[in-house]
1. Starting from 0 in steps of 10 Å, tell me what percent of the Cα-Cα pairs of segment 97-140 lands in each bin.
2. Kindly state, to the nearest 0.05, the FRET efficiency for Arg106 paired with Asp28, given R0 = 41 Å and r defined as their beta-carbon distance.
3. How much length is gained if the chain between Glu134 and Ala14 is pulled fully straight, taking 0.36 nm per residue apart and subtracting their Cα-Cα distance, in nm to one decimal?
4. When the helices in the chain are scored as -39500 (n - 2.57) per DSSP H run of 4 or longer and the sum is shared across all residues, what 222 nm value do you end up with, to the nearest 500 deg cm²/dmol?
5. If only Cα atoms are counted, what is the Rg of the chain, and what is its Dmax, in Å?
6. Which shape class applies to segment 19-107: rounded if a/c is under 1.5, otherwise prolate when a/b exceeds b/c and oblate if not, where a ≥ b ≥ c are the square roots of the Cα gyration tensor eigenvalues?
7. Label-point separation (nm) for His6 and Lys141, each offset 7 Å from Cα along Cα-to-Cβ?
8. Pop out the ³J(HN,Hα) list for segment 65-75 in order, Karplus 6.51 cos²θ - 1.76 cosθ + 1.60 with θ = phi - 60°, rounded to Hz; leave Gly and Pro as x.
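Here, each number is a calculation from the coordinates, and none is a lab measurement. Values in this document were obtained by computation on a predicted structure and should not be read as measured data. Glycine also receives a Cβ, built like all others from the backbone with ideal geometry; neighbour counts cover every protein chain displayed.
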Amino acid sequence: MIAPLHARALRCLAQREHSRAELARKLDGLGSADEVEAELDRLADLGLLSDARFAEAYVRAKAARFGSSRLKAELARRGVAADLIGSALHDACGGSEPERARTVLRRKFDTPPADAREWARQARFLQGRGFSTEIIRSVLKESPGDEPA
């Protein structure tokens, strides 16, 4: 018979990739802290649990909708190490941040900003999606007459 801790871990990993910290939170309460850590180590040794693989999958799934800042923050919140975050972002996004910002903006707004109020609205939208100020300015300046007064 499979232990409840191991069974729960396998069920979670069968649904989607998890970071080590996420899976530890989900397994909390099914055993002692030492048992949970031992199970996580076992899963990592078997190649079933990998923060690097989780980060790559997360970035691949979300990169079309969010900027690098938001992706970094979400991965850090999920317990992924900074070096793994940087590697995943570099591999999946590369230098396409302005292109992604343009795509996200055009998907939400059909027309370029007509006045300062609309320019600010579109800029706030991109900022909420995690795009940097420089990229927001460059993307919104591409249309004539869209600079705020």
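1. It works out to 31, 64, 5, in whole percents.
2. 0.45
3. Separation in residues times 0.36 nm, less the Cα-Cα distance, equals 39.2 nm.
4. Helix contribution divided over all residues of the chain: -20000 deg cm²/dmol.
5. Over the chain's Cα set, Rg and Dmax evaluate to 20.2, 70 Å.
6. prolate
7. If labels sit at His6 and Lys141, their model points lie 6.0 nm apart.
8. Residue by residue, segment 65-75 yields 10, 10, x, 4, 4, 5, 4, 4, 5, 5, 5 Hz.
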